[in-house]
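See below for the structure under consideration.
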2 protein chains.
Amino acid sequence: MAKNRRFVLASRPKGAPTPENFRFETVETPVPGDGEVLIRNRFLSLDPYMRGRMSDAKSYATPVEIDAVMGGGTVGVVKASNNPRFSEGDLVLAQGGWQDFSLSNGRDLRKLPPELDHPSYALSILGMPGFTAWHGLLKIGEPKAGETVVVAAASGPVGSIVGQIARLKGAKVIGIAGGPKKCRTVVETFGFDACLDHKDPGFAEKLKQAVPDGIDVYYENVGGKVFDAVLPLLNVHARVPVCGLIASYNATGLPDGPDRLPLLAGILLRQRIRMQGFIISDHYAGEFADFERDMAGWVKAGEVKIIEDVVDGLENAPDAFIGLLEGKNFGKLVVRIGED
Amino acid sequence: MAKNRRFVLASRPKGAPTPENFRFETVETPVPGDGEVLIRNRFLSLDPYMRGRMSDAKSYATPVEIDAVMGGGTVGVVKASNNPRFSEGDLVLAQGGWQDFSLSNGRDLRKLPPELDHPSYALSILGMPGFTAWHGLLKIGEPKAGETVVVAAASGPVGSIVGQIARLKGAKVIGIAGGPKKCRTVVETFGFDACLDHKDPGFAEKLKQAVPDGIDVYYENVGGKVFDAVLPLLNVHARVPVCGLIASYNATGLPDGPDRLPLLAGILLRQRIRMQGFIISDHYAGEFADFERDMAGWVKAGEVKIIEDVVDGLENAPDAFIGLLEGKNFGKLVVRIGED
């Protein structure tokens, strides 16, 4: 058996992560114990939430311990099984982490159809990002036909799917993305009505012109200056699902004043706005099957698409992840660990 | 017919309203035209939302014009009617404003039972404040038995009713009020499990100790330092109905930094919190009948009580209103204009 290459958390980042926060190790490949399964990881999903796990600040998930393997969703193949539910050769969705091989007691594994055309889709459009888009938009945003939906990070895996679903529901959809190239794809590939570049100095004014009827749903996964531009445009009874705040994940403190907390509360009150945070892991038991049925149908019909950004080689995971937080990549970031 | 005494808005307040913002006038009593009703106002409700109407900043309701009569809910008696739906002597709920007499085309009038024991209850426990408490707590807060509900301005008309309904639903209820006297009443008269004085320098720490299981519902009608103390104690999946922000109504600008808007957004996300503003006037058509049935039953059974603060004489309305915004009054503030 090959050795196991892996990234462990070497130190906690102060602000943006650096390559030094990760340590690359080569260790013996573990042997599955009673009831355990050994998995060869083929694809690793890289996602913004991982930044939170690198810190030990209070969050919704336990932080990664120093010297522990970086966690993450993976698609892999069972290489050895002491668990009656899984056999050698099974394709599985797992929490395999940033490494070649992982062990599981089977509880966090989901068997995938062996003939899956795009195994990595289980990490993107048919997996966590797709489910995040579907739940936040449909269960909290509740867009109605003719309403205006604004989507931040519109070229990203979650945002691009949010906008495509909102279009299917008959809403007018405005995306926000960083740079003209991303914006072009949002309109041409994902079919948004328009897309605005938040790096444009006239961004706030252009957003205002793009939503003459105001904003009914703002799908928030960015925060920062994008939210600032959206805030005064929110309509009465607007809904703001909050699934991420990537703009502040690397922040080491709060921005300078004035303190706009009372401003936000006042807008929520006057405009009767619902702002609601959610974490997708709360909703698998209740809703994943519904999501899967909807999305599999849309993907098959070509109504919802995804762009993947596949990085080759586990050794490139830290740089790819650092770039993700800087908005450098384009599409759902997945690392191809190996196909064997 | 007696002359009509009234208060008009003389000037818009900068910060806290002063007596000079109001002008007392005596004018001819108006004569009802076709389809109109003349009402002798008996009770006038004074409420914090009126501060918003005195400003011309963007808000959910049209501001009072300069030299126009200050608006407000009233209970009165029909003195003359050219409207087939109303007869002389009818007791009515109206938007009569700060004056002895008012005209109505009948559309904003609601007939009250003539035998009503406490006509002013139509302005408090059976009216707008009671409905505000009922809707915000039950439709947004959705308290479950065993959960912890924290209520700001707990000795006020809305807060006191929120807490009593939450107790009926089996929640543990902690009130927050200004001063030991108000706090005693919140516990002894309204039956809250505990009440904390927000003027106590150790308030934030005492609140933390009073909610060992965290806060599941925070009924927000204050803002400011009370919200600051509540924020870190909100549980996963907490609900925050926002029906008022009296602490900032007189503010002329935002407080100094740091800017805690990203902090609030981050807490909403991590704790998966729903924060939702509402304005009760949106909900009369759909829900008032349900509220009235619930509340009339609770009042009759002695399960929900109100304390009224009745000020005698229309001429005292401005001072009473200014005191209301300063937290000086105790109970639902109502002006007895006259009983004739």
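A few notes on this one:
- Residues considered: A:P241, A:P212, A:P129. Largest GNM mean-square fluctuation over chain A, using C-alpha springs under 10 Å, is found at A:P212.
- Rounded Å value of the spacing that divides the Cα centres of segment A:194-242 and segment B:24-80: 38
- Solvent exposure, largest accessible area first (probe 1.4 Å, DNA, RNA and ligands not counted), of B:H135, B:H237: B:H237, B:H135
- Our Cα-only numbers for segment A:158-239 put the radius of gyration and Dmax at 11.8, 33 Å.
- Cβ-derived FRET efficiency at R0 45 Å, A:S55 paired with B:D282, nearest 0.05: 0.65
- GluC sites (Glu not before Pro) lying in DSSP loop within segment A:269-340, provided at most 13 other Cβ fall within 10 Å: A:E326, A:E339
- Phi angles of segment B:31-44 translate, via the Karplus equation with coefficients 6.51, -1.76, 1.60 and θ = phi - 60°, into HN-Hα couplings of 10, x, x, 4, x, 9, 10, 9, 10, 8, 6, 9, 10, 10 Hz per residue; Gly and Pro are given as x.
- Rg over Rh [alpha-carbon atoms, Kirkwood Rh] for segment A:108-200: 1.04
- Quotient of C-alpha Rg and 2.2 N^0.38 Å, computed over chain B: 1.02
- Charge-dipole axis of chain B as Lys and Arg at +1 and Asp and Glu at -1 on Cβ define it, positive-most pick from B:I215, B:V173, B:F288: B:I215
- Between the Cα long axis of helix B:261-270 and the first principal axis of chain B there is an angle of about 60°, rounded to the nearest 10.
- Counting only Cβ charges, +1 for Lys and Arg and -1 for Asp and Glu, the dipole size of segment A:135-259 around its Cα centre is about 400 debye.
- Computed over the alpha-carbon pairs of segment B:26-127, the distance histogram in 10 Å steps reads 16, 44, 32, 8, 0 percent, short to long.
- Pairwise FRET efficiency - A:F203 versus B:I307, Cβ, R0 = 45 Å, nearest 0.05: 0.30
- With DNA, RNA and ligands ignored, accessible area of A:R23 (1.4 Å probe; Å², nearest 10): 90
- A 1.4 Å probe over all protein chains sorts B:E142, B:E36, B:E28 by accessible area into B:E28, B:E142, B:E36, starting with the largest.
- The Cys residues in chain B with no partner Cys Cβ within less than 4.7 Å of their Cβ are B:C243.
- Spherically averaged projected area in nm², based on the convex hull that wraps the Cα atoms of segment A:67-162: 8.7
- Set of lysines near A:K111 by C-alpha distance (under 29 Å), chain-local residues within fewer than 8 positions excluded: A:K3, A:K79, A:K139, A:K300, A:K305, A:K332
- Geometric descriptor of segment B:128-281, per residue, is 112 Å³ (volume of the convex hull of the Cα atoms).
- Of A:V64, A:G146, A:V37, farthest towards positive along the dipole that unit charges on Lys, Arg, Asp, Glu beta carbons give chain A: A:G146
- Taken as Cα centroids, segment B:303-327 and segment A:253-312 sit 44 Å apart, rounded to the nearest whole angstrom.
- Exposure ranking of A:K79, B:K3, A:K14 by accessible area [1.4 Å probe, largest first]: A:K14, B:K3, A:K79
- DSSP-defined beta bridges in the protein assembly as shown - what % are antiparallel, rounded to 5: 55
- Only Lys, Arg, Asp and Glu carry charge here, each on its Cβ (+1 for the first two, -1 for the last two); on that basis the protein assembly as shown has a dipole of about 140 debye about its Cα centre.
- Among B:V149, B:V299, B:V217, the residue with the largest mean-square fluctuation in a Gaussian network model of chain B, with springs joining Cα atoms closer than 10 Å, is B:V299.
- About the centre of its Cα atoms, chain A shows a dipole size close to 720 debye [charges on the beta carbon of Lys, Arg (+1) and Asp, Glu (-1) only; nearest 20 debye].
- Divided by 2.2 N^0.38 Å, where N counts the residues, the Cα radius of gyration of the protein assembly as shown comes to 1.12.
The values are calculated or read from the model by the stated rules, or taken from the named source; none is laboratory data. Given the structure is predicted, the values throughout are model-derived calculations rather than measurements. Cβ sites come from the backbone with ideal geometry, for glycine too, and all protein chains shown count toward neighbours. For the accessible areas, the whole protein counts, side chains as well, though only heavy atoms, and no ligand, DNA or RNA atoms are used. Shrake-Rupley method; radii C 1.70, N 1.55, O 1.52, S 1.80 Å.
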